[in-house]
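> The structure under discussion is supplied below as structure tokens; questions concerning it will follow.
The values are calculated or read from the model by the stated rules, or taken from the named source; none is laboratory data. Quick caveat: nothing in here was measured; it's all calculated off a predicted structure. Every residue, glycine among them, receives a Cβ derived from its backbone with ideal geometry; neighbour counts consider all protein chains shown. SASA here: full protein model, heavy atoms, side chains in, ligands and nucleic acids out. Shrake-Rupley method; radii C 1.70, N 1.55, O 1.52, S 1.80 Å.
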Amino acid sequence: MASTDEDRMRKQREAGERESAKLWRACRTVHEMVRDRGYQLSDAEVTMSFDAFKQKYTTDDGSISRKMMNFSASPTLEMIKRYSNPVTAHDLHPSSPDIGTIWVEFLPDSNVGIKQMRAFAQHLTANNFHTGILITGVNITPAALKIIPAVASETRIECFMEADLLVNITHHELVPQHVLLSKEERTALLQRYRLKDTQLPRIQLGDPVARYLGLRRGQVVKIIRKSETAGRYASYRLCV
Amino acid sequence: MSSYPATSATSSKTKEERDREVALYHANLIQQRKDIELEILLSTETLIDYPLARSPYDASNPSPADAKTFKELLRPFQPSDYDALIVERNINEHCGYALCPNPRVKEEGGGRFRILGMNGKAKDFKVVEKEELEKWCSPACAKRALYVRVQLSETVAWERGAMENAANIDLLDEPKSEDGSLAERMEKMDIETDNAAGKKDAANLALERGDKTMAARNALVNINIQEKDVSKVPQAPSLDDKDLSGRLDSMHLTLEGHTSTFGSRRERRHNEELDGANIDDGEEDSEEDTDWQL
């Protein structure tokens, strides 16, 4: 009798441990993603060890609190520069860059519907967050996803699943390095090759790396691959 | 020759205008579609928290106001949108039927399937998924909700004709109380009937023709049907018409006053020209097929 009880306890503990490990890995990937996009995060936040993670976010009942894992970050100067609109002859005072603080929320709910999405959008607008990343453990209902374009004029919402974030895809050896070009670099590239932007190869908005980098339609990424013959080979893709 | 550039300029301008018109037309269609999609989304959002009126109303006897808005909001829905609404309601622990104030049931115990109809006839016996049962508060509500679902049109709202759009949705058990619906009918009653009757007739006619659809309303081609006013008294055709004899041999070919002719127009012109040429100066070359001579 005692042994079965012990057994069950052990199994429960192991399941809890696995769950925490998953959350830790998702949390780490999200932090890396936010930093790779150019937001300000300290090294300590990004490379947190599993023990430190458990210590920080475990509640009294022994489980990890997703609520406490939410965080926000503001763009670095470098990122602001990359997103800024260049001064041109006919546009002497370009509008300020279309970026701002980002809010990352881990949603513990077992179902994500319209209500949850609305609440998230309202939280973003109320706190003046420019972008929001919603990380859920379950699939979001199709109706709730339609909220995103409906509130697109106020705030930018991106959704990820915890299961998709267990590994950082950009660290895989078969995924080449993607670098976002600033608007100036983009015009320089198009001028140099005498192209219209539609003549570039394309990358889809829903591409995993495009989602990772939070690409927008019309942006150009430089993809740097390893090449047997040339050492490094750069190609450019337009996000559509 | 001097007019040539001018004409080309005007034609290019008209082409630009034409392109613009086509682009605008398609943009409008897409915008309409987006508007309707947003409308459906907002309706879904509203219907999540229905019914607004609680006791003494319940699912079998909804308040007239709620039932009315429910039917109106549901008009652009497709069955799939309706399913999405049920899912959204279930997430918020409501019964799937939008006019039911009860929470949905939670089946106890594990397992994916449930066995139903064990002590009835064999045809009642069913194995259903637990999730299906958990959508509703009772089998009666499931019936009510699905009764509404089968009335929804499969066509997307922006491609529906006026007939489909105006179709009314019935509830399985219409409200028994008359107060609200009576007031509704009183509102609808029109005192200026003579004017309204004419308008209604015109509307019905338009409905029948199907020229009230979204696509027809802002079509590329502007169609105006103009009735020809006939003021004089109609006369029956009579046989003692004078030039009847000339038409007698082709009269069996006449369809509603139009006599079809044989041979292409060019051939006929050719023949006419040949006749003319014979009279004039005997030139027999026609305008056609002269290229090979060059």
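> All but one of (1) over 32 Å from the mean Cα position of the chain (by Cα); (2) within 14 Å of another protein chain (Cβ to nearest Cβ); (3) outside any helix (DSSP H, G or I) hold for B:MET118, so report the exception by its number.
(2)
> Let me spell it out: the conditions are (1) assigned to a loop (DSSP other than H, G, I, E, B); (2) surrounded by 14 or more Cβ atoms within 10 Å (Cβ to Cβ); (3) in contact (Cβ under 8 Å) with a residue 60 or more places away in the chain, and B:VAL148 meets all of them except one. Which number is the exception?
So B:VAL148 meets the others, but not (1).
This table checks each residue for (1) out of contact with any Lys or Arg (no Cβ under 6 Å at 6 or more places or on another chain); (2) part of a loop (DSSP other than H, G, I, E, B); (3) more than 27 Å from A:SER96 (Cα to Cα).
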| residue | (1), (2), (3) |
| --- | --- |
| A:ALA188 | yes, no, no |
| A:LEU195 | yes, yes, no |
| A:THR198 | yes, no, no |
| A:TYR236 | no, no, no |
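> Also, quick follow-up: In segment A:110-124, which residue that is part of a helix (DSSP H, G or I), in contact (Cβ under 8 Å) with a residue 12 or more places away in the chain and not polar (S, T, N, Q) is nearest to the other protein chains (Cβ to nearest Cβ)?
Here the residue is A:ILE114.
> Would you tally the residues in segment A:141-163 being surrounded by 15 or more Cβ atoms within 10 Å (Cβ to Cβ) and assigned to a helix (DSSP H, G or I)?
Number satisfying all stated conditions: 7.
> Name every residue in segment B:22-53 that is at pLDDT 90 or above, more than 14 Å from chain A (Cβ to nearest Cβ) and open to solvent by 70 Å² or more (accessible area, probe 1.4 Å), in order of residue number.
Scanning segment B:22-53 gives B:LEU24, B:HIS26, B:ASN28.
> Condition check: over 23 Å from B:LYS34 (Cβ atoms), touching a residue at least 24 places away in the same chain (Cβ under 8 Å), within 14 Å of chain B (Cβ to nearest Cβ) and open to solvent by 60 Å² or more (accessible area, probe 1.4 Å). Does A:ASN127 satisfy that?
No: the conditions fail for A:ASN127.
> Please find, within segment B:62-102, the residue that is nearest to A:GLN116 (Cα to Cα) out of those that are of a type in the set (A, V, I, L, M) and open to solvent by 10 Å² or more (accessible area, probe 1.4 Å).
So, considering only residues that are of a type in the set (A, V, I, L, M) and open to solvent by 10 Å² or more (accessible area, probe 1.4 Å), the one nearest to A:GLN116 (Cα to Cα) is B:ILE91.
> Show me the helices (runs of 4 or more DSSP H) entirely contained within segment A:1-62 in which 3 or more residues are touching a helix residue (DSSP H, G or I) at 6+ places or on another chain (Cβ under 6 Å).
A:2-37, A:50-57
> Still on this model: Between a first residue in segment B:80-103 that is within 14 Å of chain A (Cβ to nearest Cβ) and over 22 Å from B:ALA53 (Cβ atoms) and a second residue that is assigned to a helix (DSSP H, G or I) and open to solvent by less than 40 Å² (accessible area, probe 1.4 Å), which pairs have beta carbons less than 6 Å apart while being 6 or more apart in sequence or on different chains?
So the pair list comes out as B:ASP81/B:ILE40; B:ALA84/A:ALA143.
> Here's another thing I want to ask about it. Can you tell me which residue in segment A:87-109 is farthest from the other protein chains (Cβ to nearest Cβ), limited to those that are under 18 Å from A:ASP164 (Cβ atoms) and assigned to a loop (DSSP other than H, G, I, E, B)?
A:PRO108
> For segment A:63-120, give me the residue count where each residue is open to solvent by 70 Å² or more (accessible area, probe 1.4 Å) and touching a helix residue (DSSP H, G or I) at 6+ places or on another chain (Cβ under 6 Å).
1
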